[in-house]
Amino acid sequence: MKLQSKKTTKSERDVNTLCEFLNFNNGWEDKMGPAFLEYRRKWAENTRNKTLTRFPMHLDFDLTNACTLECPFCPRTQLVKKQMYPGTYFMSFDIYEKALREGADKGLMAINLNAGGEPLLHKDLPRMVKLASELGILDIMLHTSAVSLTREMATELFDSGLTKLIISFDSPVKEHYEKLRAKASFEQVVANIKQAVAVKRERALPTPFIRINMVLMKENAHEREQMVEMWKDQVDGIGFLEYINYYQWDDEDRYLQEVQYQENFVCEKPWQRLGIAHDGRIKFCHLDDLDEVTLGSLNEKTVEQAWHSEQIQRYRSLHLEGRIREVDLCAKCSTPMMPVEK
C-alpha cells in the first residue's frame with residue numbers, strides 16, 4: 001500500500017499547529033463528488049489569498065464542555081485544575097438549528113461539532129448530524145476520544161451523514177495511552193474504533209473518513225512509527241499534530257522543539273470560520289475556551305452580520321498589518337508559537 005503524506009509548511013497552516021497527514025485511503029475526496037472537490041478548492045484558495053466570503057466557510061459548534069477524561073495536556077484539564085472552567089453545559093437544538101439554517105442558506109460549507117468537550121455526550125448529536133446533511137452541508141465532522149463510540153452510536157452517526165470522524169489517540173502502548181488519556185481504557189477504546197471501522201466496511205460506506213489524530217510531544221514522539229503500524233490497515237488516515245500549549249495554561253514543557261512567538265504571524269481563521277457558543281454567542285475564535293471574545297449573540301444579530309462586523313474587520317486588519325498582539329486574545333494564544341529557525 002502506497003501512503004500519501006502531506007506535511008504543512010509554516011505558511012500553509014490551516015490547522016492549529018504544524019502537522020503531517022498520512023492518507024491510507026487515496027482518492028476518497030474524488031469519490032465525494034464535484035461539489036465537495038470545489039469546496040476543498042475554495043478552502044485552500046480562500047485561505048491562501050485571505051478572501052472574505054459572504055458567510056464563514058466553516059462553523060465550529062461548542063455543543064458541550066462535558067468530558068469523562070482528564071488528559072494532562074488538554075486545555076480543559078488545565079482550566080479545571082486552575083478552577084477557571086465554567087459549569088457543564090449543553091447547546092440546545094434550537095440554537096444549533098438557527099445558526100445552521102442561516103449558514104445553509106448563505107454558503108456554509110463545513111461544520112465541526114465540538115470545541116472543548118466530548119460531542120458524543122450530547123443527546124442530540126445524531127439528530128444534529130442528520131439535519132446538517134439534509135441541509136446540504138458538504139463536510140460534517142467531529143473530534144472524539146472514542147470512549148463513548150459504541151456500535152449503536154457509530155451506526156447512527158454514519159447513517160445520519162457524518163463525513164469525517166476524527167479520533168484522538170496518542171499512544172499505541174497501553175500504559176502510556178492511559179497516562180496521556182487519563183480515565184480511558186486502552187482496550188475499550190481500541191475495540192470501539194475497530195468496531196466503528198467494521199460498521200463502515202460492512203455497509204460499504206464511502207464516509208465517514210476515519211482518522212486517528214496523535215498529538216506529538218516529548219512523551220510520545222518516539223512512538224510515531226508504531227502508531228502507523230497499529231492503524232494503517234484499519235483507519236483511513238493518521239494525523240500527527242505537534243503539541244501546542246494554548247494560552248500557556250499547561251505548566252509542563254511538552255514541545256518537541258524550541259518555539260517562539262512569531263510577531264508577523266497572520267492567522268487564517270478570521271477568513272475561514274467562526275464559533276457558536278453553547279448559549280448562542282458568536283465566537284471570534286473556536287479555540288477561545290472561555291468565550292472571552294464574542295461578536296454578539298444569535299438573539300441580536302445574524303452570523304453574517306457578525307462575520308462582517310466592524311469588530312472582526314479590525315481584527316483582520318491588525319493581523320495583516322503584523323499587529324497581532326493588539327488583539328488581546330491573539331496576544332495570549334500559542335498558535336503563533338513557531339519553531340525557532342536553526
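Could you check L121 against (1) touching a strand residue (DSSP E or B) at 6+ places or on another chain (Cβ under 7 Å); (2) open to solvent by less than 10 Å² (accessible area, probe 1.4 Å); (3) of a type in the set (A, V, I, L, M, F, W, C) and say which number it fails?
Answer for L121: the failing condition is (2).
Which members of segment 282-334 meet the condition of being assigned to a loop (DSSP other than H, G, I, E, B), buried (at least 16 other Cβ atoms within 10 Å of the Cβ) and in contact with a helix residue (DSSP H, G or I) (Cβ under 8 Å, 6 or more places away or on another chain)? Talk me through it step by step, then tell me what you get.
Going residue by residue through segment 282-334, those that are assigned to a loop (DSSP other than H, G, I, E, B) are 284-293, 298-302, 308-309, 321-323, 327, 333-334.
Then drop every residue that is not buried (at least 16 other Cβ atoms within 10 Å of the Cβ), which leaves 284-289, 291, 293, 298, 302, 309, 327, 333-334.
If the condition is that a residue be assigned to a loop (DSSP other than H, G, I, E, B), buried (at least 16 other Cβ atoms within 10 Å of the Cβ) and in contact with a helix residue (DSSP H, G or I) (Cβ under 8 Å, 6 or more places away or on another chain), then F284, C285, H286, L287, D288, D289, V293, L298, T302, V327, C333, S334 are the ones that fit.
May I ask you to say which residue of A204, A196, A184 is more than 18 Å from the chain's Cα centre (by Cα) and assigned to a helix (DSSP H, G or I)?
A196
Please go through segment 142-189 and give me each residue that is closer than 22 Å to L100 by Cβ, in contact (Cβ under 8 Å) with a residue 60 or more places away in the chain and either open to solvent by 20 Å² or more (accessible area, probe 1.4 Å) or touching a helix residue (DSSP H, G or I) at 6+ places or on another chain (Cβ under 9 Å) (or both), ordered by number.
H143, T163
Please specify each residue of segment 27-72 satisfying the condition of being in a loop (DSSP other than H, G, I, E, B), out of contact with any Gly (no Cβ under 9 Å at 6 or more places or on another chain) and either of a type in the set (D, E) or surrounded by 20 or more Cβ atoms within 10 Å (Cβ to Cβ) (or both).
E70, C71
So which pairs qualify, if the first residue must be in segment 106-122 and within 24 Å of K42 (Cα to Cα), the second must be assigned to a loop (DSSP other than H, G, I, E, B) and of a type in the set (F, W, Y), the Cβ gap must be under 8 Å, and the two must be at least 6 apart or on different chains?
That search, which allows pairs on different chains as well, returns K106/F55; G107/F55; L108/F55.
Are there any pairs, at least 6 apart or on different chains, whose C-beta atoms fall under 8 Å, with the first in segment 76-88 and over 20 Å from R181 (Cβ atoms) and the second open to solvent by 40 Å² or more (accessible area, probe 1.4 Å), and if so, which?
M84/L290; P86/L290
Evaluate the following for D253: is it among the acidic types (D, E) and closer than 27 Å to A110 by Cβ?
No, not satisfied.
What are the residue pairs meeting all of these: first residue in segment 224-250, first residue free of Cβ contacts under 8 Å to residues at least 60 places away in the same chain, second residue surrounded by fewer than 19 Cβ atoms within 10 Å (Cβ to Cβ), Cβ atoms under 8 Å, and 6 or more apart or on different chains?
Q226/V173; Q234/K194; Q234/V197
So in segment 207-236, with the set limited to residues that are part of a loop (DSSP other than H, G, I, E, B) and β-branched (V, I, T), which one is surrounded by the fewest Cβ atoms within 10 Å (Cβ to Cβ)? Break it down stepwise before answering.
So in segment 207-236, the residues part of a loop (DSSP other than H, G, I, E, B) come out as 207-208, 217-220, 232-236.
Restricting the remaining residues to those that are β-branched (V, I, T) gives 207, 235.
Values: T207: 19, V235: 23.
Here the residue is T207.
Being assigned to a loop (DSSP other than H, G, I, E, B) and hydroxyl-bearing (S, T, Y) is the filter here, so list the residues in segment 73-95 that pass it.
Correct list: Y85, T88, Y89, S92.
Could you list, in sequence order, all residues of segment 253-281 that are closer than 16 Å to E242 by Cα, in a loop (DSSP other than H, G, I, E, B) and among the aromatic types (F, W, Y)? Write out each step before concluding.
In the first step, residues of segment 253-281 are kept if they are closer than 16 Å to E242 by Cα; the result is 253-261.
Cutting the leftovers down to in a loop (DSSP other than H, G, I, E, B) gives us 253-258.
The answer is Y255, and nothing else.
Okay, residues lined up against (1) closer than 16 Å to F61 by Cα; (2) open to solvent by less than 40 Å² (accessible area, probe 1.4 Å); (3) among the basic types (K, R); (4) touching a strand residue (DSSP E or B) at 6+ places or on another chain (Cβ under 6 Å):
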{"residue": "E252", "(1), (2), (3), (4)": "no, no, no, no"}
{"residue": "V259", "(1), (2), (3), (4)": "no, yes, no, yes"}
{"residue": "Q262", "(1), (2), (3), (4)": "no, no, no, yes"}
{"residue": "E268", "(1), (2), (3), (4)": "no, yes, no, no"}
{"residue": "Q272", "(1), (2), (3), (4)": "yes, yes, no, yes"}
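Looking at (1) crowded, with 23+ Cβ neighbours inside 10 Å; (2) at pLDDT 95 or above, which is the one condition that is false for A115?
Here A115 meets the rest and fails (2).
Would you call D279 surrounded by fewer than 19 Cβ atoms within 10 Å (Cβ to Cβ), closer than 30 Å to L165 by Cβ and out of contact with any strand residue (DSSP E or B) (no Cβ under 6 Å at 6 or more places or on another chain)?
Here the answer is yes, as D279 does meet what is asked.
For the list (1) in a helix (DSSP H, G or I); (2) within 16 Å of H286 (Cα to Cα), I need the number of the one condition that E102 fails.
For E102, the failing item is (2).
Report yes if G239 is of a type outside the set (A, V, I, L, M) and open to solvent by less than 10 Å² (accessible area, probe 1.4 Å), otherwise no. Lay out the reasoning, then the answer.
Details: of a type outside the set (A, V, I, L, M): yes; open to solvent by less than 10 Å² (accessible area, probe 1.4 Å): yes.
For G239, the condition - of a type outside the set (A, V, I, L, M) and open to solvent by less than 10 Å² (accessible area, probe 1.4 Å) - is met.
The values are calculated or read from the model by the stated rules, or taken from the named source; none is laboratory data. Only a predicted model underlies this, so the values are computations on that prediction, with no experimental measurement involved. Virtual Cβ from ideal backbone geometry, glycine too; neighbours counted across all protein chains shown. Side chains included, ligands, DNA and RNA excluded: accessible areas come from the protein's heavy atoms. Shrake-Rupley method; radii C 1.70, N 1.55, O 1.52, S 1.80 Å.
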